[in-house]
Every structure is written in C-alpha cells, then in structure tokens.
Amino acid sequence: MTAQERRIRVLMGKPGLCGHDRGIVLVVMALRDAGMEVIYSGRHNSPEALVEVAIQEDVDVLGVSILAGGHLGLCDRIAKLLRERKADDIVLVAGGFIPPEDRPKLKAMGVREVFSDGAKLEDIVKFIEHAARERAAA
C-alpha cells in the first residue's frame, strides 16, 4: 500500500485540565465516518503524552481541543515538542473556545489550522483530508 492509499491516521486529545469532551467526540466520529483511523486519547493529557502517542502511532494529524483557556501555552509546548522530536511534519490542529485574536499567534507557533467552537464538521474533515494528503505527498 502506498502512502497515498494508506488511511489517514489522526490522534485527537484534550490537553490540560478541561473535562468537556462532547465537541471532540463529535469530531472523532465525523473523522471516523469519513474513513480515517482515529485515536481518541481522552481528557487531561499532558503535551508530552500527546506528542509521544502521536509519534508512536505514526499519525498524520494531531488534533487538540481546548475549552478552558491555556491554548497558547499548551499549543506552544506541543509544537515545540514535535520540533524537538523531529516530528513537526505531523499536522497540528486546534479547536475550542479560542479568541480570533489568538489565531495568528497559534499559527505562528506551528498550528496549521484553528477551528472555533462553531466550526462545521464537514470543514474540519475536508481540512484534515487535504492536510494529510499534502503530508503524504511531501
């Protein structure tokens, strides 16, 4: 099976202390229904744990959901860990309650896309499909 034929692998998790997971569960189901292999690591993950699992599971995309603030620090730490581990080709996406003024900061850190709490599931799926295919072609 070529890289183009391999199913897209996605790790979804919640870093930090936020316990609200209804939104991320909906995203996980939408990605699964679109034919992707999805690992949901659950709540209360450290950035280190998420990066370790992402590398071990050879994922194309690491998606994090942050609803309780701390998105700048958590995403910065995740992006730095991916670079340190030479895994910054893994596409990092974030979603949740993220103020519009923080989007450019997150993207400058290495977050490829930021989805607000009102994002459409179809848009998330399309972005992840496109980003993962770009990664496979690189």
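The values are calculated or read from the model by the stated rules, or taken from the named source; none is laboratory data. For clarity, every value in this text was computed on a predicted model and none was experimentally measured. Here the Cβ is made from the backbone with ideal geometry for all residues, glycine too, and neighbour counts use every protein chain on show. Heavy atoms of the whole protein, side chains included, go into the accessibility calculation; ligands, DNA and RNA do not. Shrake-Rupley method; radii C 1.70, N 1.55, O 1.52, S 1.80 Å.
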Treat every Asp and Glu Cβ in the chain as -1 and every Lys and Arg Cβ as +1, leave all other atoms uncharged, and give the resulting dipole magnitude about the Cα centre to the nearest 20 debye. 120
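Translational D (Stokes-Einstein, µm²/s) of the range 1-112 at 20 °C and 1.002 mPa s when Rh comes from the Kirkwood sum over C-alpha pairs?
Values: Rh = 14.0 Å.
For the chosen part, D equals 153 µm²/s.
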Here the relative contact order (percent) of the chain, from C-alpha pairs under 8 Å and at least 6 apart, is 27
Straight-line reach from K120: which aspartates and glutamates have a Cα under 16 Å away, not including same-chain ones fewer than 8 places off? D33, E129
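Pop the C-beta distance of H44 and R135 into the FRET formula with R0 = 35 Å and round what comes out to the nearest 0.05.
Working: r = 28 Å, r/R0 = 0.79.
Efficiency computed from Cβ-Cβ geometry: 0.80.
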Taking every Cα atom in the range 73-114, find the radius of gyration and the maximum pairwise distance Dmax, and write them in Å. 9.9, 29
Rounded to the nearest percent, how much of the accessible area of the chain (1.4 Å probe, protein heavy atoms only) is carbon and sulfur? 54
How large is ³J(HN,Hα), in whole Hz, for each residue of the range 24-38 in order, when computed from phi with the Karplus curve 6.51 cos²θ - 1.76 cosθ + 1.60 and θ = phi - 60°, using x for Gly and Pro? 5, 5, 5, 5, 4, 5, 5, 5, 4, 5, 7, x, 8, 7, 10
E122-K80 pseudo-label distance in nm [points 7 Å out on the Cα-to-Cβ vector]: 4.0
Estimated inter-spin distance, R32 and V53, nm [label 7 Å along Cα→Cβ]: 1.4
Nearby lysines by direct alpha-carbon distance to K105 (threshold 22 angstrom, same-chain neighbours under 8 apart not counted): K14, K80, K86
Peptides 57-64, 68-75, 113-120: what's the order by average Cβ count within 10 Å, highest mean first? 57-64, 68-75, 113-120
Going by average Cβ neighbours within 10 Å, how do the peptides 10-16, 37-43 rank, with the highest at the top? 10-16, 37-43
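Given an 8 Å cut-off on Cα distances and at least 6 residues of separation, report the relative contact order of the range 88-134 as a percent. Don't skip to the answer; put the middle values down first.
Values: 33 pairs, mean separation 19.3, N = 47.
Relative contact order comes out at 41 percent.
Please give the calculated 222 nm ellipticity per residue for the chain, where each DSSP H segment of at least 4 residues contributes -39500 (n - 2.57) and the sum is spread over every residue; nearest 500 deg cm²/dmol?
Values: 5 runs with 60 residues, N = 138.
Theoretical 222 nm ellipticity from helices: -13500 deg cm²/dmol.
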